[in-house]
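The values are calculated or read from the model by the stated rules, or taken from the named source; none is laboratory data. Every value quoted in this text rests on a predicted model; they were computed, and no experiment measured them. Don't worry about glycine lacking a Cβ; one is built from the backbone with ideal geometry, like all the others, and counts go over all protein chains shown. These accessible areas exclude ligands, DNA and RNA; they are computed on the full protein's heavy atoms, side chains included. Shrake-Rupley method; radii C 1.70, N 1.55, O 1.52, S 1.80 Å.
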Amino acid sequence: MSDGYSPLVIDSTFLADSKKSIKERIIPWEGLARSGVVSEDDANHIKLLEKQSQQNQITSVKNQLDTYSKVLLNVLNRVDKDDVLKNVLTLINDLLLDLPEFLDAVLKLSSVDKSLPYAPFLNHLDNKDDLIKSLSLYNLEILLAKAKSVEDDEVLIKIFSVLSNIIGGSDSNYQFIGLQILQDLLIVKPFKTIYQNHNLVANFKPINNLITKLASNSNATGLQLSYNILLVAWILSFSAPINKALIHNFPQLAGSLLTIAKDSIKLKIVRVAVAILKNFVDITTSPQEQFKVIKLLLFHGALNTVNILKERKFASNGSDEELSNDLSYLSESLNEIVTSKLTSFDEYLTELENPKLISYASPTHKSSEFWLENSGKFKDSNFKLVRRIFEILIQNSNDNSTVNVILLNDLQFLIKNLGQDLITFINTEKGGQYKLLIMSFLENSQGNNELKYEALKTIQLLVGHNF
């Protein structure tokens, strides 16, 4: 195309076969015109196209660009029968892909009506038929990627939401289509900004779930689908604010990517997983944020994984320069922190920052030496870290959670080491709510005897009965 734009050609045998099947069905345009669903002129224009070969269709539309751009979007606005919708959406899709002038003509309709050209497609994104949704999304993506801007953010907010639902669905054919559409939209910087600023966490959640699934079973999804899942995360990882949000809201993501990089036998999967991790470390909002990211990676055993990968053939012999460079960067960054800054206290802070990671797998929780050495830090800033512990307990107060068991055990170490200062703080802070919260675990432990026992031990320490 003269302006260098080439529309996305989705790699999907399923979609190609579906479109072929749709084009073979006969649509009763005369009947639709008689019943007033479409005008007689619109029906005749489409009937004329359907009798022609694809090449002749292109010639006919090219000769009447204004007419056909209006006719097809007008019909799309008026029909509601699924088989007719699929037919019109497929015809539009072929023309958008094969005829640059038609794509330009459709975009120019915005000068006639500000709701055009997107509204007729957006109206069908709530259809229960995933093929209608996918064809509508595909056509919208081609138009938006050519325009590279949108006057109303709500257009993209709606598209990203529907894509998220498709990617989070159970049909891998539609997931594959949805991921490719999402990738192509996210490459456009203004669109990526809209994705970042509206429902980022909710929209990324199904992608994170797929990455988690891939980490637990490398054969859970096909190779190409797995690659496309990771490719979305890689495209997003070139934004520091997005990285901060993803790391904060999905702390297990780093561990999943390390597992995928270590376990995959496919080089392109290893390469993209490592590239995401490299961006997480390299592209951050501040040095403090970078330190948090590195602590998180170290928590997930990143140094060991990186060392294993560096010794593999593709890295050790330099045959894959980009991967070798990314691994070297990660190795240097991680080692610098390990040798100069990291302490067991940092490991504990990482868990407080990311409560989903709190686990007895970290030796800090049961180490008397750790608590003897670090308890004094919990008095800083008017017991800021103790407040954080209670924030997490409150967030998990309705869950039968091991996290609560561990944090109550931590509080016992703190009470023993800090004594009356901490006891007074817990008993009086927020009108005694912290103490009442611990007492509530005695009654609301939902059959978790371990939680009940730790709550009882904590209360006894607070009232002066030492163990």
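So that you can scan it fast, the table gives a plain yes or no per residue for (1) open to solvent by less than 50 Å² (accessible area, probe 1.4 Å); (2) assigned to a helix (DSSP H, G or I); (3) within 26 Å of LEU131 (Cα to Cα); (4) at pLDDT 95 or above:
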| position | (1), (2), (3), (4) |
| --- | --- |
| ASP3 | no, no, no, no |
| PRO7 | yes, no, yes, yes |
| ILE10 | yes, no, yes, yes |
| ALA16 | no, yes, yes, yes |
| ILE26 | no, no, yes, no |
| GLU30 | no, yes, yes, no |
| LEU49 | yes, yes, yes, no |
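Residues that are among the charged types (D, E, K, R) and either under 37 Å from the mean Cα position of the chain (by Cα) or over 15 Å from SER344 (Cβ atoms) (or both) within the stretch 368-417 comprise LYS377, LYS379, ASP380, LYS384, ARG387, ARG388, GLU391, ASP399, ASP410, LYS416, listed in sequence order. Right, ILE211: part of a helix (DSSP H, G or I), in contact (Cβ under 8 Å) with a residue 24 or more places away in the chain and assigned by the TED database to the domain that holds PHE238 or not? Yes.
The helices (runs of 4 or more DSSP H) found wholly in the stretch 102-207 include none carrying at least 1 residues that are open to solvent by less than 40 Å² (accessible area, probe 1.4 Å), farther than 25 Å from ASP11 by Cα and touching a residue at least 60 places away in the same chain (Cβ under 8 Å).
Among residues of the stretch 286-309 that are without any contact (Cβ under 8 Å) to a residue 24 or more places away in the chain and not assigned by the TED database to the domain that holds VAL274, none has a Cβ under 7 angstrom from a residue that is surrounded by fewer than 13 Cβ atoms within 10 Å (Cβ to Cβ) and of a type in the set (Phe, Trp, Tyr) at a sequence gap of 6+ or on a separate chain. For the stretch 254-295, the candidate set comprises residues that are in a loop (DSSP other than H, G, I, E, B) and more than 22 Å from the chain's Cα centre (by Cα); within that set, the residue that is surrounded by the most Cβ atoms within 10 Å (Cβ to Cβ) is LYS266. Give me the pairs: first residue in the stretch 326-349 and closer than 24 Å to ASN374 by Cβ, second residue among the aliphatic types (A, V, I, L, M), beta-carbon distance under 6 Å, and six or more apart or on different chains, which are they? Between residues of the stretch 326-349 that are closer than 24 Å to ASN374 by Cβ and residues that are among the aliphatic types (A, V, I, L, M), the close pairs are LEU334/ALA302; LEU334/LEU303; ILE337/ILE294. Residue count for the stretch 51-71, restricted to those that are among the hydrophobic types (A, V, I, L, M, F, W, C) and either loosely packed, with under 13 Cβ neighbours inside 10 Å or more than 14 Å from PRO100 (Cα to Cα) (or both): 1. Those helices (runs of 4 or more DSSP H) of the stretch 413-465 in which 2 or more residues are basic (Lys, Arg) occupy 449-462. Considering only the stretch 296-314, state which residues are surrounded by 15 or more Cβ atoms within 10 Å (Cβ to Cβ) and in a loop (DSSP other than H, G, I, E, B). Within the stretch 296-314, HIS300, ARG312 meet the criteria.
Is there a residue in the stretch 83-97 that is over 25 Å from SER39 (Cβ atoms), open to solvent by 10 Å² or more (accessible area, probe 1.4 Å) and of a type in the set (Lys, Arg)? No, that holds for no residue. GLN252 meets the conditions (1) in contact with a Lys or Arg (Cβ under 7 Å, 6 or more places away or on another chain); (2) of a type outside the set (D, E, K, R); (3) under 13 Å from PHE160 (Cβ atoms) in every case but one. The failed one is (3).
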